[in-house]
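Reviewing the structure listed below.
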Amino acid sequence: MKYAFYVLGILLLTLGISFTIQSDLGTSPFDALLVGLSINVGFTVGSWEIILALLLISCNSLLKRQRPEFLGLLTSLITGIGIDLWLFLLHFFVTPEQWYSKAVYFGIGLVVIGLGTSIYLHTNFAPIPVDRLTLIIQELTRTNIFFSRTLIYVLFLIIAVILNGPIGVGTLLTVCLGGPLLNYFMSLTKKVIGRLQIDRHLDRAQ
């Protein structure tokens, strides 16, 4: 069941990211950086997810003063493939053109990102390096997910602006709402997953 939740979380996360990219209202600062690099340098958005993962793994290793968690590269690989796959599939659907349809796309994406991230993080299996960084900062600063996530978003926002990434109103909304949404879903999914695991153990006992 752990790995089922892991795959489900990654699929939802990458679907949400693809929705925000398709909305054309601006993505999260990190995804804006990925898209900006894809447009200005080349390669796909998913490819840059994997490349930057290597850099973040090294950064996390220095902060934690431990060996690099290269298992996180597996998650980044799956995430990168997932983003490219969802973007390819969504391309066959209607691309939002009116502001209200773009807003719907973005809203769905933002919520699904928070839900997907919380589900796969609760498996505690090979977090994406940027999500591991969120947990490391939370631990080092002794704060909550909201603070650490928002701090990371602000830092990536600055970098994305420097690299001319796709910054828009959606980016600012992600900075403001991404942390609270993840914090909310972390609490919610913890209860749901815990209940499912208890029910599974009871079924086995019977």
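One table, with the values for the structure above:
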quantity	calculated
Any chance THR95 is of a type in the set (Val, Ile, Thr) and in contact with a Lys or Arg (Cβ under 9 Å, 6 or more places away or on another chain)	no
Hits in the stretch 93-111 (condition: open to solvent by 80 Å² or more (accessible area, probe 1.4 Å) and either within 12 Å of GLN22 (Cα to Cα) or in a helix (DSSP H, G or I) (or both))	PHE93, VAL94, GLU97, TRP99, TYR100, VAL104
Considering residues of the stretch 116-153 that are in contact (Cβ under 8 Å) with a residue 60 or more places away in the chain and open to solvent by 60 Å² or more (accessible area, probe 1.4 Å) only, the residue nearest to GLY16 (Cα to Cα)	HIS122
ILE83 of a type in the set (A, V, I, L, M), farther than 19 Å from LEU182 by Cα and within 11 Å of the chain's Cα centre (by Cα)	yes
Answer from SER38, SER61, SER47 - the residue that is more than 27 Å from GLU97 (Cβ to Cβ), without any contact (Cβ under 8 Å) to a residue 24 or more places away in the chain and open to solvent by less than 50 Å² (accessible area, probe 1.4 Å)	SER61
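Condition check ((1) touching a Pro at 6+ places or on another chain (Cβ under 6 Å); (2) open to solvent by less than 10 Å² (accessible area, probe 1.4 Å)) across all residues:
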| site | (1), (2) |
| --- | --- |
| THR20 | no, yes |
| ALA32 | yes, yes |
| LEU56 | yes, no |
| ILE113 | no, no |
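The values are calculated or read from the model by the stated rules, or taken from the named source; none is laboratory data. Bear in mind the structure is a predicted one, so any value in this text is a computation, not a measurement. As a convention, Cβ positions derive from the backbone with ideal geometry for all residues, glycine included, and neighbour counts pool all protein chains shown. Note: accessible area is taken over every heavy atom of the protein model, side chains too, but ligands, DNA and RNA are not part of it. Shrake-Rupley method; radii C 1.70, N 1.55, O 1.52, S 1.80 Å.
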